[in-house]
Amino acid sequence: MAQLQIPDFRKSTIVDQVGIEERVSRFNTRSIKKESKVKGLKLVLSMIDLTTLEGKDTEGKVKQMCYKAAHPHDALSGLPTVAAVCVYPTMVGTAKQALAGTGVKVASVSTAFPSGQSTRQVKLLDTKFAVEHGADEIDMVISRGEFLKGNYAFVFDEIAAIKEACGTARLKVIFETGELSTLDNVRRASELAMHAGADFIKTSTGKISPAATMPVTLVMLEAIRDFYYATGKMVGMKPAGGISTAKSGLQYLVMLHETLGADWLTNKWFRFGASSLANDVLMQLVKEKTGVYQSKEYFSAD
Amino acid sequence: MTRLEVLKTYKIYIGGQFPRTESGRYYTLTGKDSTPLANVCLSSRKDFRNAVVAARAAFAGWSSRPGFNRGQILYRIAEMLEGRKEQFVAELILQGAAPKAALEEVMTATDRLVYYAGWCDKYQALFSSVNPVASSHFNFSVPEATGVVAIIAPESNSLLGLVTALAPVIAGGNTCVALASTSMPLCAVTFAEVVHASDVPAGVVNILTGTSKELHSHFASHMDVNALICYGTDKTEITRMKELASLNVKRIFVHTKEDQGPYHILQAQEIKTTWHPIEQIGPGKAGY
C-alpha cells in the first residue's frame with residue numbers, strides 16, 4: 001500500500017465564497033424538461049441512499065424501508081431501485097437479509113454517529129461490527145472538535161484507521177459541514193479525507209441544520225476534481241440532509257455534471273442521503289406519465 | 001409640473017407572498033372607454049401547483065386551531081376590509097360598477113365575513129350528532145375540515161363573489177386556492193392584501209388570477225385537492241371538472257347563487273363518526 005500523506009494545506013485553494021454562490025445560482029437556472037427530466041429523475045432515484053437514522057428505529061421499520069428501496073413504486077413500471085439503504089449498525093443484519101438478491105446495497109453509519117464523540121477503540125469496534133454483519137458501505141463521522149482545534153493529524157489518522165477496518169466496504173466520510181463554519185474548512189476537510197483514503201466524501205449527518213447546501217457541495221466537488229487531476233483517483237460525493245424536492249435533486253445533478261463530468265453521473269460515484277426525496281421524485285415521475293399533479297397520500301411513506 | 005400617477009402592479013398571492021406568475025404572462029384589463037387599467041397575471045398550472053403545495057403545508061396548523069381563534073381571524077379580515085372600504089369601492093367603480101352598488105357590495109362582503117366569523121365555533125355543534133346504536137357504544141359524529149379546497153370564484157361579482165366562496169371554506173378550517181374573476185380581478189388582488197394583513201397564516205388563502213378555461217381541468221384533476229367549489233357557468237367546463245374530480249373522488253359543488261348560510265361550511269367538511277365502547281349500565285338501558 002502506498003504511503004498515506006497528510007496534504008500540505010499551504011498549497012490548497014482558498015475558496016471564493018461569492019464566486020461559489022454565483023456559480024450555484026447559475027446551475028439553478030438550467031431548464032430540464034420532458035424526456036431529459038424523466039431520465040434525470042430516474043437517475044436521481046437510482047442515486048438515493050434511503051435513510052432511517054432514528055432512536056425509534058425497529059426491525060419492522062427497517063424491513064419496510066428495504067421493501068420500499070427495492071420497489072419504489074410498483075404502479076409505475078421501468079423504475080430503478082434506489083442505490084442503498086442507510087441504517088444504524090444494529091440494523092445492518094436485518095437490512096442485509098431484507099435486501100438479499102435485490103442489488104440494493106446496505107450502508108451503515110458508524111464511529112459513534114452522529115456526534116463522533118467517542119474513543120478510537122469504540123469507533124473501530126462500531127465499524128467492525130457493521131462490516132461483520134454485511135455492510136457494503138460505511139458512513140463515518142470525523143471528530144469535528146479535533147478538526148476545528150487544528151488537530152488535522154488526529155482526524156487523518158482516524159479516517160485511515162477506519163478505512164483499514166472497513167476492509168472491502170466503501171468508506172464515506174461525513175464532515176458535518178454545518179459545524180465546520182467556513183467553506184475553507186470544508187475544502188480542507190475534503191482534501192484531508194481524500195488523502196486518508198475516503199471512497200466518498202459526504203456533507204452531513206442530517207441531524208443538524210444547515211445540512212447539505214449547494215455551495216458546500218460545490219466546494220467538495222471542486223476538491224474532488226482537483227484531487228482527481230493530481231492523483232488520477234476518483235472519489236464519490238454524497239450530499240445528505242435537507243434535499244427533499246425533485247427539482248433540487250436535478251439541480252445537484254446539473255452541478256455534478258458541470259463540475260466533474262459524465263463519469264460521475266452514476267450511483268457508484270454520487271449519492272443523495274435522503275428520506276423524503278424519493279417520494280417527491282416518484283410524484284414527479286407519475287406526474288410526467290399521467291399529466292396529473294400528485295398527492296403524498298398515494299405514495300407509501302416508507 | 002404634473003405628477004405621474006404610480007400604477008399598482010396586481011400580483012397573485014401564494015403562501016403569504018405576492019409573486020408574479022412563474023409563466024411571466026399577463027393580460028391587460030381595460031376600463032369603460034377601453035383605457036388600460038392594469039396588467040394582470042395570467043396564472044399557469046404551475047402557479048396553481050405551487051399554491052396547492054402552500055395550502056397543503058398550511059392545512060395542519062389552520063385546521064387544528066380552535067374554531068374561536070379562526071373566528072377572531074375572520075373578524076379581523078372584516079375589520080381590515082372595512083378600513084379599506086374606499087379603495088375597494090374605487091376599484092369596483094373602475095371595473096364598471098355604479099357607485100351606490102359598489103358601496104353596497106363592499107358592505108355586504110364585510111358583513112358576510114363577520115357572519116362566518118360567528119359560525120367558526122358554532123357549526124360543529126349544529127352538524128354534530130349523538131347517534132342511537134344498538135350496541136354498548138357511545139356513537140357520535142363530528143365534522144372535520146376536508147383539506148385543500150380549490151375555488152373558482154363567480155365571474156360577475158368581483159369582491160362579494162370571492163368572499164362568498166372563500167369565507168365558509170376557511171371558517172371550516174380548510175385551506176384554499178381561489179381563482180378570481182377573469183374580467184374583474186382588481187378587488188381580488190386587493191382582498192389578498194387585506195387577508196395578508198389580518199393574521200391569516202401564510203398559505204391558508206391563496207389567490208390566483210387567470211382564466212378558468214385554462215385552469216379548470218388542473219383544479220379538478222390535482223390529486224392533492226380535496227374539494228372543488230365552483231361558481232362557473234360554462235357547461236362543458238363543469239362536465240369536464242366532474243369527470244376529472246373522480247380521479248381522487250374530490251367533492252365538487254357547483255353553485256349558481258351567491259348566498260350565505262352554515263350549509264356552505266358543511267360542504268367542505270367530512271363527517272367523522274366515532275364508536276366509543278361504554279359499559280352496559282343495566283339490562284334494557286343504554287348508557288346514553
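Can you find a residue in the range B:40-52 that is in contact (Cβ under 8 Å) with a residue 12 or more places away in the chain, within 16 Å of B:GLY172 (Cα to Cα), open to solvent by less than 40 Å² (accessible area, probe 1.4 Å) and within 14 Å of chain A (Cβ to nearest Cβ)?
So in the range B:40-52, the residues in contact (Cβ under 8 Å) with a residue 12 or more places away in the chain come out as B:40-52.
Add one more test, that the residue is within 16 Å of B:GLY172 (Cα to Cα), and what stays is none.
Taking every residue of the range B:40-52 in turn, none turns out to be in contact (Cβ under 8 Å) with a residue 12 or more places away in the chain, within 16 Å of B:GLY172 (Cα to Cα), open to solvent by less than 40 Å² (accessible area, probe 1.4 Å) and within 14 Å of chain A (Cβ to nearest Cβ).
Collect the residues in the range A:170-188 that are assigned to a helix (DSSP H, G or I) and among the hydroxyl-bearing types (Ser, Thr, Tyr), keeping them in residue-number order.
A:THR177, the sole residue that qualifies.
Does at least one position in the range B:230-246 carry a residue that is basic (Lys, Arg) and modelled with pLDDT of 95 or more?
yes
Looking at this structure, is B:GLY210 surrounded by 23 or more Cβ atoms within 10 Å (Cβ to Cβ), of a type outside the set (A, V, I, L, M, F, W, C) and in contact (Cβ under 8 Å) with a residue 12 or more places away in the chain? Before the answer, list the steps.
Values: surrounded by 23 or more Cβ atoms within 10 Å (Cβ to Cβ): yes; of a type outside the set (A, V, I, L, M, F, W, C): yes; in contact (Cβ under 8 Å) with a residue 12 or more places away in the chain: yes.
So B:GLY210 fits the description; yes.
In the set A:TYR293, A:TYR252, which member is crowded, with 18+ Cβ neighbours inside 10 Å and either farther than 30 Å from A:ARG188 by Cβ or within 14 Å of chain B (Cβ to nearest Cβ) (or both)?
Matching residue, one of A:TYR293, A:TYR252: A:TYR293.
Surrounded by 15 or more Cβ atoms within 10 Å (Cβ to Cβ), charged (D, E, K, R) and within 14 Å of another protein chain (Cβ to nearest Cβ): which single residue out of A:ASP280, A:ASP226, A:ASP302 fits that description?
Details: A:ASP226 fails: within 14 Å of another protein chain (Cβ to nearest Cβ); A:ASP302 fails: within 14 Å of another protein chain (Cβ to nearest Cβ).
Just a single option satisfies the conditions, and that option is A:ASP280.
Filtering the range A:254-302 down to residues that are in contact with a His (Cβ under 7 Å, 6 or more places away or on another chain) and touching a residue at least 40 places away in the same chain (Cβ under 8 Å), which residue is nearest to A:ALA223 (Cα to Cα)?
That would be A:LEU265.
Picking from B:LEU29, B:LEU74, which residue would you name as being aliphatic (A, V, I, L, M), surrounded by 17 or more Cβ atoms within 10 Å (Cβ to Cβ) and modelled with pLDDT under 95?
B:LEU29
Name the pairs whose Cβ atoms lie under 6 Å apart, with the first residue in the range A:87-112 and touching a residue at least 60 places away in the same chain (Cβ under 8 Å), the second of a type outside the set (Asp, Glu), and 6 or more positions between them or separate chains?
A:ALA107/A:ALA84; A:ALA107/A:CYS86
Restricting attention to the range B:123-147, which residues are modelled with pLDDT of 95 or more and among the hydroxyl-bearing types (Ser, Thr, Tyr)?
Scanning the range B:123-147 gives B:TYR123, B:SER128, B:SER129, B:SER141, B:THR146.
Could you grab the pairs with beta carbons closer than 8 Å, sequence gap of 6+ or different chains, first residue in the range B:237-254 and away from chain A (no Cβ under 14 Å), second one open to solvent by 90 Å² or more (accessible area, probe 1.4 Å) and not in a strand (DSSP E or B)?
B:GLU237/B:LYS213; B:ILE252/B:LYS242
Can you spot a residue in the range A:204-216 that is open to solvent by less than 40 Å² (accessible area, probe 1.4 Å), more than 14 Å from chain B (Cβ to nearest Cβ), of a type in the set (Ser, Thr, Tyr) and assigned to a loop (DSSP other than H, G, I, E, B)?
yes
Working only within the range B:214-236, note down all residues that are among the β-branched types (Val, Ile, Thr) and either open to solvent by 80 Å² or more (accessible area, probe 1.4 Å) or away from every other protein chain (no Cβ under 12 Å) (or both).
Listed by number, the residues that qualify are B:ILE229, B:THR233, B:THR236.
The values are calculated or read from the model by the stated rules, or taken from the named source; none is laboratory data. Since the structure is predicted, the reported quantities are computational estimates derived from the model, not experimental observations. Here Cβ is always computed from backbone atoms with ideal geometry, including for glycine, and neighbour counts include all displayed protein chains. Calculation scope for accessible area: heavy atoms of the full protein, side chains included, ligands and nucleic acids excluded. Shrake-Rupley method; radii C 1.70, N 1.55, O 1.52, S 1.80 Å.
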